[in-house]
Structures are given as structure tokens and as C-alpha cells.
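What follows is a short report on a single structure.
Read-outs throughout are calculated quantities, based only on the coordinates presented, and are distinct from any laboratory measurement. None of the values given here were measured: they were computed from a predicted structure. Here Cβ is always computed from backbone atoms with ideal geometry, including for glycine, and neighbour counts include all displayed protein chains.
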């Protein structure tokens with residue numbers, strides 16, 4: 001008999017009832033150290049006072065009016081994002097999936113209005129994750145994402161991750177854009193090298209196609225800069241943002257240059273909830289904190305501390321872990337032992353981590369995690385690894 005909640009999630013048997021900072025409390029009273037942050041969402045941890053204040057203040061004023069009217073909170077957040085990025089304009093969504101839908105529409109509409117309606121193809125990279133919508137799964141292309149959901153939305157091609165020769169060969173007169181994550185998240189914490197990201201930008205410029213960056217998971221301070229592409233010194237034409245921008249409140253955005261957005265005139269796109277006063281009030285509070293250079297400097301310092309300790313963990317448990325991957329506070333442990341064993345051992349140690357492809361577990365803590373909590377996370381990971389080793393020894397006997 002089917003459950004009342006559609007059974008599309010393989011949920012852990014945990015029920016968290018309260019959160020504060022990098023800690024969450026289970027209904028039975030156990031306190032878990034949260035190194036997943038709701039899959040890179042809670043960039044300021046749980047119940048951050050500035051976010052709570054922004055939300056409650058707005059909730060006592062007005063919740064929703066729709067985009068038929070001016071929304072001052074939305075305008076303020078758009079101004080902050082434009083001031084802090086390459087973008088000239090912003091459209092607000094509720095999620096990364098919705099941001100992907102608009103990014104695809106925007107790229108295709110751009111060429112249609114330029115008198116080249118044949119330019120509809122979008123080239124993505126294998127291992128990508130761009131959301132669960134029809135456009136998102138077509139852009140990713142993996143069998144895991146697409147099986148059983150055909151016919152797929154046409155107009156998408158895929159090349160191997162990091163294969164720039166294949167990318168260049170795939171571009172034709174019907175190519176509208178290239179889409180990629182500067183750091184693949186679901187794909188196993190795989191950063192694209194800065195030199196390769198610069199090369200992708202050059203390939204797009206030479207071919208005259210748009211570059212769409214998906215920074216839903218790696219953006220909003222996650223890598224130690226406000227947006228991950230900044231490390232490579234390039235800019236996209238269109239960028240998808242979500243997760244961290246709302247600090248836990250559903251909020252996404254598409255940022256674009258004036259040129260790339262030129263086809264999106266009145267009536268071409270819309271959203272009932274996107275950019276509502278509640279979401280944008282929280283988003284403004286997030287930006288006020290995360291976009292501060294001093295805050296980002298601390299993210300970089302903490303990421304160095306965490307990575308150093310993780311390298312030591314890998315060296316101490318060679319039968320459990322192979323390597324550390326990633327950048328900033330978007331790190332992954334490539335496991336030698338079965339990923340599921342490591343995840344369960346972490347749960348048993350009251351520690352939350354996140355699974356990813358390629359037998360990787362992700363560590364995506366709040367960006368304001370304390371040094372003490374980083375040290376505690378490593379103590380618990382060490383205990384989890386030791387438990388996995390004992391389990392493996394028992395299986396071998």
C-alpha cells in the first residue's frame with residue numbers, strides 16, 4: 001500500500017525537531033553535528049538570528065502579493081546580486097530546478113530573437129545534475145535521471161566531463177549554449193580546473209554561443225568566493241543560483257547579462273511565488289552576511305583547516321577512504337569502502353554527511369561553522385571510519 005507521502009525518497013529513519021548553528025536535535029534527544037547543511041542550503045546554519053529576524057519581521061508585515069506588483073524586498077535583493085556579480089538583471093525563482101528551466105528558455109529565446117531560431121541545442125557534461133524537471137534531466141542526460149521519463153525534451157547533447165576537445169567538436173551551427181557546474185556536486189564533488197573553465201569560456205566566445213553556469217550548489221560563498229567561477233576570472237552569460245541564497249527558505253534566481261536576457265520581455269516568463277517578500281527578505285539577510293569579504297576570507301581559512309584534517313583522516317584510514325576532493329567548504333571523501341557503510345557509521349556517530357556519485361560522501365557544512373565543530377566533525381568521522389574498518393575485518397573472517 002502506497003504511503004501518503006509519495007515514496008520517491010530513500011529516507012534515513014531520523015526525525016529532526018530543532019536546529020541551532022551546525023547542530024540538529026533528533027526527536028529522541030540525540031544531537032547530530034550537521035555537515036550537510038540541508039545539501040548546501042543552510043549556509044548560515046540553523047536558526048541564524050539575522051535570518052530569523054528578517055523572516056519574522058516580514059511575516060508580521062506582508063507575506064505575498066504576486067509579481068503583478070512592485071516588491072521592494074525583491075528589488076533590493078536584485079540590486080545586491082547585480083552589484084556583487086557579472087549580472088545586469090535577475091529573475092527570482094523558488095528552486096534550482098526552476099532556475100534551470102528559465103536558463104534554458106532564456107538561451108533559446110535569445111537566438112530566436114536574433115533571427116537564428118535553429119540555434120536550440122545545449123551541450124552539457126556527463127555527471128551533471130541540473131534538477132529534476134524535464135529540462136533538468138535532459139540537460140544532465142544520465143540514465144539514472146532519465147530512465148522511464150521519455151520522450152525526453154530534445155535539443156541536448158552531452159560530452160565527457162572535462163573533455164574540451166569533445167566540447168569543441170560538439171558545437172555546431174545549431175548550438176545555443178553550453179551548460180556546466182563549476183564544481184559538480186551530485187556527480188561526486190568534481191571541480192573543473194580554473195584553466196579548463198577559462199578554456200570553456202574561450203570556446204564559447206570563439207563559437208559565438210552562450211555559457212550557462214549552474215551554481216545552485218557551488219555558489220553563494222560555498223567555495224570561498226561569492227560564486228565559484230570567480231576563481232577562474234571568467235564570467236558566464238547566464239547563471240543559475242538557489243540553495244544557499246535563501247539560507248533555508250525556498251529561493252532561487254537566474255542572473256544574466258543584459259545581452260543574454262534581451263529576449264525575455266514582458267509575458268515571456270513568470271512565477272506566482274518567485275521573489276515573494278518572505279523569501280527575498282531572508283535572501284537579503286543572507287547576502288548582507290555572505291557577500292562580505294571578511295566572511296568569505298573566513299570560509300577560505302576554515303576550508304583549509306577542514307581539508308588539512310580530512311587529508312590526515314584519509315591517511316589514517318586507507319582501507320576506508322581514497323582521497324579528498326573539492327574546494328572551499330564543498331568537499332568530498334572518495335570512499336574505498338562501500339559508501340553506504342560510511343554513511344551509516346557516520347549516523348551512528350551522530351554525524352550528518354551527504355551521499356554523491358562515484359562512491360563519494362559530501363561534506364557541505366554551514367559556512368559559519370566554528371573551528372570547534374570542525375574538530376568535532378573529524379573526531380566523529382574518525383570514529384565512523386574505525387567502525388567501518390572493524391566491520392570490514394569481521395566480513396573478511
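Length gained on full extension, residue 262 to residue 292, computed as 0.36 nm times the residue gap minus the Cα-Cα distance: 7.8 nm. Note on residue 16 and residue 1: the model spin-label points, each 7 Å out from Cα along the C-beta direction, lie 3.1 nm apart. The simple Förster model, with R0 at 30 Å and r as the Cβ-Cβ distance, assigns residue 174 and residue 82 a FRET efficiency of 0.45. Remark: C-alpha extents of the chain on the principal axes read 68, 54, 52 Å, sorted largest to smallest. Counting neighbouring Cβ atoms within 10 Å and putting the fewest first, the residues 28, 237 line up as 28, 237.
If R0 is taken as 45 Å, the Cβ-Cβ distance between residue 163 and residue 30 corresponds to a FRET efficiency of 0.50. Helix 371-396 and the longest principal axis of the C-alpha atoms of the chain enclose an angle of approximately 70°.
In µm²/s, what is D for region 272-394 at 37 °C and 0.692 mPa s, where D = kT/(6 pi eta Rh) by Stokes-Einstein and Rh is the Kirkwood radius from Cα pairs? It comes out at roughly 209 µm²/s. Working from label points 7 Å from Cα in the Cα-to-Cβ sense, the residue 8 to residue 132 distance is 0.4 nm.
Report the paramagnetic label zone for residue 273: residues of region 95-123 whose backbone N is under 13 Å from a point 7 Å from Cα along the Cα-to-Cβ axis. Once the point is set 7 Å along Cα→Cβ of residue 273, 95-98 turn out to lie under 13 Å by backbone N, inside region 95-123.
Measuring spread by the Cα atoms of region 192-299 yields a radius of gyration and Dmax of 15.2, 43 Å. Treating each Cα of region 274-333 as one equal point scatterer and applying the Debye formula with no solvent, the log10 of I(q)/I(0) at q = 0.18, 0.22 Å⁻¹ comes out as -0.71, -0.84. Entry note, the chain: the mean residue ellipticity at 222 nm calculated from DSSP H runs of n ≥ 4, each adding -39500 (n - 2.57), is -12000 deg cm²/dmol after division by the residues and rounding to the nearest 500. Can you compute log10 of I(q)/I(0) for region 100-208 with the Debye formula, treating each Cα as one identical point scatterer, at q = 0.17, 0.21, 0.24 Å⁻¹? Debye curve over Cα of region 100-208, log10 I(q)/I(0) at q = 0.17, 0.21, 0.24 Å⁻¹: -0.80, -1.20, -1.45. Okay, which of region 301-328 sit inside 13 Å, backbone N to the point 7 Å along the Cα-Cβ direction of residue 382? Only 309-317 fall inside the zone, counting backbone N under 13 Å.
Between residue 205 and residue 393, the modelled labels are 5.7 nm apart [label points 7 Å from Cα along Cα→Cβ]. How tilted is helix 96-113 with respect to the longest principal axis of the chain? Cα atoms for both, answer in degrees (0 to 90, nearest 10). Between the helix axis and the principal axis of the chain, the angle is about 20 degrees. If R0 equals 45 Å, the separation of the Cβ atoms of residue 39 and residue 114 corresponds to a calculated FRET efficiency of about 0.75.
With neighbour counts taken as other beta-carbon atoms within 10 Å, the residues 311, 298 rank, fewest first, as 311, 298. Helix 293-316 and the longest principal axis of the Cα set of the chain meet at an angle near 50°. Counting neighbouring Cβ atoms within 10 Å and putting the fewest first, the residues 110, 273 line up as 273, 110. Judged by the gyration tensor of its Cα atoms, with axes a ≥ b ≥ c, region 147-197 is oblate; a/c meets the 1.5 cut and b/c is at least as large as a/b. Protection proxy ranking of 323-331, 52-60, by the mean of other Cβ atoms within 10 Å over each peptide's residues and highest first, is 323-331, 52-60.
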